[in-house]
Amino acid sequence: MGSWGFIGLAYGVASVALIGYLLFLKGRLRGAREEFAALEREGGRRTR
Amino acid sequence: MAPLSLAARLHGGVAVLLLAVGIFWGLKVVPPDAFQGDVQRIMYLHVPSVSTAYLAIIVTFCASILYLWKRDLRFDAVALSSAEIGVVYLGITLATGSIWGKPTWGVWWTWDARLTVTAIVFTMYVGYLMLRAFAEEPQAGARYGAVLAILGLPAMILNHFAVQWWRTLHQPSSLLRPGGPSVAPVMLWPLVFNIVAMLVAYSYFLLERVRLERIRHRTAEVRLKRGRRG
């Protein structure tokens, strides 16, 4: 593997890690928001 | 719960833009290193990653101290969030360092003082996340995690000075050293730019991760209140 192969590998690994973490974080945020919204809806039904 | 605000979107957009400019600058504009050649371009990624990991560890340390002092879960949310992001950046640091090491030193890995301490710090923070994930009682998990996070700072300081205190294969610090940076300005500026870009990305991740923790806390509070009411 030449110099640019190692460079591509390093930047590729870092990109996968950062983009992967971003998607993982966004997924958890979406899940937590949905869970909270469902809980609020459920609470609203109970009080009515 | 409010969706992503315009400010948060803008923050993320600026981070992506800065990272893209930084990558272009490091890969296309800067000349190759006189001794290492093109492979030195990995440093425009490796050094910003380790700088960001250091900041993440410092933030985790400060937030943990504040949590133990005030017992406020908001500080714990910052500590946990920063530790998680720090693990990502430490992982990138280890991976890019290893990839740079192969063409430069001839090996993917060696038990050099700097590399070994970095691996230990990485393992400590993975341990921190596992401790937090498996703690049954959130307050206890936060307390034990804070103690572990406080131990992370001396480990980070040891990591930084390892290249000065021991004879190591890893070169001494080029930026944070007595007498100022030893890097030529043509390479120093893109390096500083990439560090700033990575720090902006870190701040974006941190705010989003803290937001996640806040939603979780509110969800837990609502559940607790309803549980009490039966």
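Taking segment B:35-72 as the range and being over 24 Å from B:His160 (Cα atoms) and surrounded by 20 or more Cβ atoms within 10 Å (Cβ to Cβ) as the test, only B:Tyr67 passes. Would you point out the residue of segment B:167-192, among those that are β-branched (Val, Ile, Thr) and surrounded by 13 or more Cβ atoms within 10 Å (Cβ to Cβ), that is farthest from B:Asp33 (Cα to Cα)? Within segment B:167-192, the match that is farthest from B:Asp33 (Cα to Cα) is B:Thr168. Against the list (1) surrounded by 17 or more Cβ atoms within 10 Å (Cβ to Cβ); (2) more than 7 Å from chain B (Cβ to nearest Cβ); (3) more than 16 Å from the chain's Cα centre (by Cα), the condition A:Leu22 fails is (3).
May I ask you to verify whether A:Arg45 is in a helix (DSSP H, G or I), at pLDDT below 90 and more than 9 Å from every other protein chain (Cβ to nearest Cβ)?
Details: in a helix (DSSP H, G or I): yes; at pLDDT below 90: yes; more than 9 Å from every other protein chain (Cβ to nearest Cβ): yes.
In short, yes.
Kindly indicate whether B:Leu73 is hydrophobic (A, V, I, L, M, F, W, C) and in contact with a Pro (Cβ under 9 Å, 6 or more places away or on another chain). Yes: the conditions hold for B:Leu73.
Confirm whether B:Leu151 is of a type outside the set (D, E, K, R), within 14 Å of another protein chain (Cβ to nearest Cβ), over 26 Å from B:Trp100 (Cα atoms) and free of Cβ contacts under 8 Å to residues at least 60 places away in the same chain. Reasoning before the result, please.
On the way: of a type outside the set (D, E, K, R): yes; within 14 Å of another protein chain (Cβ to nearest Cβ): no; over 26 Å from B:Trp100 (Cα atoms): yes; free of Cβ contacts under 8 Å to residues at least 60 places away in the same chain: yes.
No.
The values are calculated or read from the model by the stated rules, or taken from the named source; none is laboratory data. Predicted model only: the values in this text are computed from it and were never measured. Every residue, glycine as well, gets a Cβ built from its backbone with ideal geometry; the counts of neighbours run over all protein chains shown.
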